[in-house]
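Let me begin by presenting the structure, written as structure tokens, before commenting on it.
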Amino acid sequence: MSNNLHWTEKDLENINRKGNVDTVPFAKSSKIGTSSVATKERKSKYNVADAKDRMFNGKLYDSKLEREYRAHLELLKCADLLKNRVMTIQEQVQYPIFIKGIKIFAYILDFLVIYGDNRIERVDTKGVKTAMYKLKKKAVEAEYEFEIKEVVKGQF
């Protein structure tokens, strides 16, 4: 172990309680008991916007695009034409995929929207279409026999 690394029992308790090694203090000198806290801002691997930019009606959304689309759906609740009017919005709807009775994964859809003409639209807002997303989407569309509408920035 390095001579300039000093952990107190309190530090170890914090690690065990929080499970976060980024808050472990590291000594500036080799003297026991002298330490400063080394903290790092953790950025999301998805590069999402700040929480305040992802809030709508008191709910935190996974992305700014998802929040904007939810606000768009809220406006469509007042649409003049019945076919454009949103009647029901369900969020984070899960579709599990089983193979030989074993649950392999659950696809989580952003929105299930029911319009005034009883049309059902399943919507996923996407910034980046990963290979895993494409595979899961294809499996869910095949298993449940419906199409998932992808919404990207500037599309609505």
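Things to note:
- Both radii come from the Cα set of the stretch 65-149: Rg as radius of gyration, Rh as Kirkwood radius; their ratio Rg/Rh reads 1.03.
- Bins of 5 Å, starting at 0 and running to the largest distance - Cα pair percent for the stretch 99-150: 4, 16, 28, 24, 14, 9, 4, 1
- Neighbour cut-off at most 10 other Cβ (10 Å), DSSP loop, trypsin sites (Lys or Arg not before Pro), the stretch 65-115: 100
- Relative packing of 114-124, 145-155, which averages over residues the other C-beta atoms within 10 Å, highest first: 114-124, 145-155
- Calculated FRET value between residue 155 and residue 99, using beta carbons and R₀ = 30 Å, to 0.05: 0.35
- Value of relative contact order over the stretch 43-152, rounded to a whole percent, pairs C-alpha under 8 Å and six or more apart: 18
- For the stretch 51-151, the share of DSSP beta bridges that are antiparallel, to the nearest 5, is 80%.
- Ranking of 130, 125 by neighbouring Cβ atoms within 10 Å, starting from the fewest: 130, 125.
No value in this document is a laboratory result; all are computed from the given coordinates. These numbers were taken from a predicted model, which means no experiment stands behind them. Neighbour counts run over all protein chains shown; Cβ positions are idealised from the backbone, glycine included.
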